[in-house]
Every structure is written in structure tokens, then in C-alpha cells.
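Each remark here refers to the structure printed beneath this line.
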Amino acid sequence: MPQQLSDHKNIWCFAEVRHGRLVGTIFELLTIGGNLAEELKEDLCVVLAGDKLDQWTKELFEAGPKKIYLIEHPSLANFSDEAYAKTLAELAKKEKPNKFLFPASTIGRSITGRLAVYLNTGAAADATELSVGAGTNGVPAGTLKTVRPTYGGNVLATVICPRTRPEIVSVRPMVFPKSQKTPGRTGETVRVAVNPETWKTKFTSFTPEKSAEIDLASADKIVSGGRGLGKTEGFEIIRSLANELGAAVGASRAAVDAGWIPYRHQVGLTGRTVRPKLYVACGISGQVQHLAGMGQADVICAINTDPECPMMKLATFSIETNLYEFIPLVIREIQKYKN
Ligand SMILES: Cc1cc2nc3c(=O)[nH]c(=O)nc-3n(C[C@H](O)[C@H](O)[C@H](O)COP(=O)(O)OP(=O)(O)OC[C@H]3O[C@@H](n4cnc5c(N)ncnc54)[C@H](O)[C@@H]3O)c2cc1C
């Protein structure tokens, strides 16, 4: 039987809890989810799954949702896509949300595919723009238009899911600003029952990757290197400066493509989107695909021999110099200051 789209109401945002910590992406989802809720005149809700969740509800309510669905169970303390997707599907079948937003993280992406199958609906991945259309050519009003980079960023695809609800979307982290908080704001908490007996998979253990590196996505400070480094060893000087500043190491695609540094460090359209307080771009010209990933940094410091390149024009501080001469001086000054 075809779905009655009008039975589905409200904008749901999934709050990811990873290893016992609430991930900040929920506050980005609440910004874009809040805009959609306002436009559609529907309620903004949060779905929070895991164990020992009450500690997060105050902070979440202050960020805008009317309602929080609390799916709490010791078996959900560690993520398992079957358990999470089945539980969310049961809840969504009962409550009939209109849109269901997830962070495009490993966990968010893992849930969305399964959930779409369980709910027999459509899912769009890695959204960088979201809006609702007025309705044309058989597409109902209020249908989500999801824009996402595809084919390595060469195409911006618009994805719609006109015939089924909820529309499920994973949203690229760091693209939308975090929602404003109103101290003391509260709302309704709905506790959801969980049926672990229907799950076929069980969590056994988690082994974290051993790395002393600061995570790029959540870093406050980033030092990035580009083709101007000229060689793999160039990243030694980038790492030294990053260590002194307590910063993560980023890179342009040119540096990644040259094999000087792994892809996980790439910033830009086809890499990570970042929003640090400080971004130091060393030997990076600032092509539009790179700026797409870091243009929202609070302070940008560019070190480049070409004063006319886009990065130097965009930067808060532009230093026209050879990075190999300048960065050792900066490191020495920082060390002197620390001593
Ligand atoms: C579909 C698509 C997706 C893309 N996605 C991304 C992406 O996600 N991220 C990304 O970064 N790029 C991406 N690119 C590539 C992008 O267009 C640029 O080619 C790339 O960002 C250039 O990297 P770069 O600035 O390091 O190199 P260049 O543009 O070659 O710039 C090198 C800079 O180093 C400076 N320099 C040289 N020597 C020194 C020195 N000794 N000291 C100081 N400065 C020096 C030069 O003046 C120059 O400004 C994408 C391209 C396409 C087509």
C-alpha cells in the first residue's frame, strides 16, 4: 500500500555517542534541522541512543529540540549497526518522522543504509546543502533537496526521495555551524523500550587505533602542507610546527596525490571539512577545492612565496617567504617563549 506522506511529521536528528562521549555533530544537525522544522512548521526532535544518557539531555535541550527520544540500554553502550538500525526503525515506524538526519560519520553512514532498507525508504549520503522544495512535476511540496559532492567532487548531485518518508540523510560534519544554546531551555523526554532479543549480532570488543596524532576533524589548530613543500620530508617541518602548537596535521590534495602524506590528512572538497580556530597553510595556493574544506577557519595564516595566490589573499596573516626559512624561526621562537 502506498505511504501517506502527510502522516509523517517532524524533523529528527540523531545524536551520536561514541565511546561514552556525545559527539558535537548533533549541534550542527540541530542548526540545519531547526531551519527545516521552522520552514515546514514541524517539531525538531533528537534521538539519543546508548547507555547512561541522562547526562546529555540538559545540553541538548538548550540547543533547541522540543523532544528527546532516549533509547537507553547497556547493550547499546557500544555501537553495533544492526542493534542501532533495528531499534531506530522500530521507533520510526511507530512515530513516523518526516526527515531523519544523521552525521556522515562512520557510525551515521553505517546506520543510514540499513535503516533505509528496514523502513523501505530512500537515503542520501554526505549532504553539504539541504533545503525543502515547493513541489513541482510530481514531486510533493516539502520534499528534501539534498546536495552532495560526487565523482570525487567533480559533480554536485541533487538527490530527492519524493515518494517515501522519512527521508534519511547523512550530513557532512563541519559544513553547518553549531546551534545556539539557550540556557535553561527544556522539553519533553520520551523513554523508548529496547528489544535486544531480536538482534543477531553482539558487540565483543573495540580496539582503538594506536596513534599520537590529533584528530583533524575536531582539531582547534591545524598546520597544513601543500605542494610547496616539494618532498615527503617536507612534512617533518610541518609536524614539528604542529607539535609545538598542539595542532593537527593537514594537507592539500596535491601533497596527498604526490604520496607525501596519507589521504586521511587531506583537507578540502574531497577530503575533510574543518573549522579550526587557527589554520596555518604552508605552501598551499588555496584553490577553490581546498578552500571549500577550510574557508570557515577563524584565523588563517598563510606562508607562501607567491603573494598573489588565493590563500595569501584570503588569509588573516599572509607571510610572503620561503617556508623552509620561516618555519624553523617560528619553532625556535615558540620554544623560547615556552621556556
Ligand atoms: C574534483 C576536484 C576535487 C579536488 N579536491 C581537493 C581537495 O579536497 N583538497 C585540495 O587541497 N585540493 C583538491 N583539489 C585540487 C585543487 O584543485 C588543487 O590542485 C590543489 O589544492 C593544489 O594544492 P597545493 O595548493 O598544495 O598546490 P599548488 O597549487 O601547486 O600550490 C603550491 C603553492 O606552494 C607555494 N610554494 C612553493 N614553494 C614554496 C616555498 N618554498 N615556500 C612557500 N611557498 C611555496 C607556491 O607559491 C604555491 O602557491 C581538487 C581538484 C578537483 C578537480
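The values are calculated or read from the model by the stated rules, or taken from the named source; none is laboratory data. A quick note: this is a predicted structure, and the numbers were derived from the prediction, not measured. In this analysis, Cβ positions are derived from the backbone assuming ideal geometry, glycine residues included, and neighbour counts consider all displayed protein chains.
Taking helices (runs of 4 or more DSSP H) as the structural unit, those lying wholly within the range 218-305 and holding at least 1 residues that are within 10 Å of the ligand (Cβ to nearest atom) and closer than 18 Å to Phe176 by Cα correspond to 288-294. Select, from Val280, Val256, Val249, the only residue that is assigned by TED's automatic domain parsing to the domain that holds Ser318 and closer than 23 Å to Leu156 by Cβ. Going through Val280, Val256, Val249 in turn, just one is assigned by TED's automatic domain parsing to the domain that holds Ser318 and closer than 23 Å to Leu156 by Cβ: Val256. Does Lys231 count as at pLDDT 95 or above and basic (Lys, Arg)? Answer is yes for this residue.
The set of residues from the range 56-80 being in contact with a Pro (Cβ under 9 Å, 6 or more places away or on another chain) and part of a strand (DSSP E or B) is empty. When the range 154-189 is filtered for residues that are of a type in the set (A, V, I, L, M), over 27 Å from Ala85 (Cα atoms) and in contact with a Ser or Thr (Cβ under 9 Å, 6 or more places away or on another chain), only Leu156 remains. Scanning the range 61-84 for residues that are touching a Ser or Thr at 6+ places or on another chain (Cβ under 7 Å) and of a type in the set (Phe, Trp, Tyr) turns up just one, Phe61.
For the range 119-142, a residue qualifies if it is farther than 22 Å from Pro177 by Cβ, surrounded by 15 or more Cβ atoms within 10 Å (Cβ to Cβ) and out of contact with any Gly (no Cβ under 9 Å at 6 or more places or on another chain), and the qualifying residues are Leu119, Thr121, Gly122.
Candidates Lys93, Lys41: the one that is free of Cβ contacts under 8 Å to residues at least 40 places away in the same chain, within 28 Å of Thr198 (Cα to Cα) and surrounded by fewer than 17 Cβ atoms within 10 Å (Cβ to Cβ) is Lys93.
Only one of the numbered conditions (1) without any contact (Cβ under 8 Å) to a residue 40 or more places away in the chain; (2) β-branched (Val, Ile, Thr); (3) within 19 Å of Ala123 (Cα to Cα); (4) surrounded by fewer than 18 Cβ atoms within 10 Å (Cβ to Cβ) is not met by Thr207, and that is (3).
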